[in-house]
Amino acid sequence: MSNKEQPIKTDDFLSFLERIICIIRPKYHNVISRVVIGAGLLLVVESQVNLIEALGVALFEKLFGPSEYLRHLFAGSSYPWIGVILVVCGLVYHAVVTVGLELVEKYRKALPPKPQLNFSFLNSDEEKLPNSKIKFRGKTCVIPDNLEIPDNTNYSKYASKQIEKDKEDERGQPGGISSVVSSITNPKPQYRINKDFYRKRAKFLQVWGGAENFTLALFNAGAILCRNIEVEIRIPKEVGVSVDNRNDLSPLPPSQESVTPPFDKFSNNIYQAPQEYDVKTSDSTTMHIFTWKVGNLQAKANRTSDTKLFFRIEVKIQIEVSIFCDELADPIQKTIQIIPAEEKIELNLEIITQERKEFSAFVNDVVMDGYLKRYSEKFIEEMNNRTEHLLP
């Protein structure tokens, strides 16, 4: 056994001894010790003087008359070793239940502290979720196989107003060079009808209805630095289970039109650095496997992942979480039950083709119990706070 494993196994052995001692150590253990030792001493003394036998014979002869048979029977029956055994057992029992616990505690304090790492999921509202059972919010949405979704042929009310306004501005501008210069210095966005708008709405509801976005969180509750921490999450591959680790996943409903910003062909060529994922993914034949490399974590410190895990499930599943670090001989393991949203909604054209206000209210109901509304309110509050501070 390696030196790293020795403290952990010793601690398990000491815990086992402590449980055994507590079982054989009732409230009146001192009385038990005295009775056993006293009985042993009495047997030792009695084996030498035959006091108990003499009293028994005397009582019998007083009641029933003289008995030579009883006197002959007890004359040679002396077993002092039974008394000695009882005395030894009583002394050993007393030592174990009194000094034993003190020794166990003494040796336990001499061992190096054991890592205490607590893992949890945080939902999109940054709320810590239970460690044994997680119930999804919202409502699961399904698209019937026979649902024929039409093309969108209209602009939204906002886009229609903007297009009309831009046309009025163009009619009011003088022609010639000044008009060209104005179109270059103050370019206007170009709106195009999104033909797939209703189909994208249905897809959005199917993906995000009853789904969750989780952040991984880890707390070092112990008193020592834990090195090279790694968290492994194993999720079964089943029908009705979808999981992903892309950073850019967020519930953003589709737009009724596509907007082409000015000089878009140039802006598309600007290099964008790829996103970094601190939660890596791999697969086996039966499992989705996600690995979060946490690194070192100081005592009493927290760490959260930069990458979120997207979950969409229609069936109950059990996921396995294992925590590894240099100070652990064996990983910390836990099982978390994931329960899908209770209600399931079958989408229809009436839902998909609603006006923007009604559709937003429906989305607010099925996606994480109003998360989009809470997120919008939080975003507006943060923007208002920024405008209140005059910073360079």
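Read-outs: derived from the displayed coordinates by stated rules, not from any lab. Being a predicted model, the structure only gives us computed values, none of them experimental. No Cβ is skipped: glycine too gets one built from the backbone with ideal geometry, and neighbour counts run over all protein chains shown.
For segment 363-370, 3J(HN,Hα) computed residue by residue from phi via the Karplus equation (6.51, -1.76, 1.60; θ = phi - 60°) reads 4, 4, 7, 9, 9, 6, 6, x Hz, glycine and proline entered as x. 3J(HN,Hα) along segment 346-357, derived from phi through the Karplus expression 6.51 cos²θ - 1.76 cosθ + 1.60 where θ = phi - 60°, amounts to 8, 6, 9, 5, 4, 6, 5, 9, 4, 5, 4, 5 Hz, with x in place of Gly and Pro. Counting 0.36 nm for each residue step from Val259 to Gln318 and taking away their Cα separation leaves a gain of 16.9 nm. Would you please state the base-10 log of I(q)/I(0) at q = 0.17, 0.21, 0.24 1/Å for segment 292-392, with intensities from the Debye formula using one equal scatterer on every alpha carbon? Log10 I(q)/I(0), no solvent term: -1.05, -1.19, -1.32.
Rounded to the nearest 0.05, the FRET efficiency derived from the C-beta distance between Glu105 and Met287 at R0 = 56 Å is 0.85.
Counting neighbouring beta carbons within 10 Å and listing from fewest to most, the residues Ile319, Ile289, Ile134 come out as Ile289, Ile134, Ile319. Taking amide H positions as modeled 1.01 Å from N, with prolines and chain starts lacking one, the residues under 5 Å from Glu343 and 5 or more places away or on another chain are Thr140. Ranked by the mean number of other Cβ atoms within 10 Å of their residues, highest first, the peptides 192-202, 152-162 fall in the order 192-202, 152-162.
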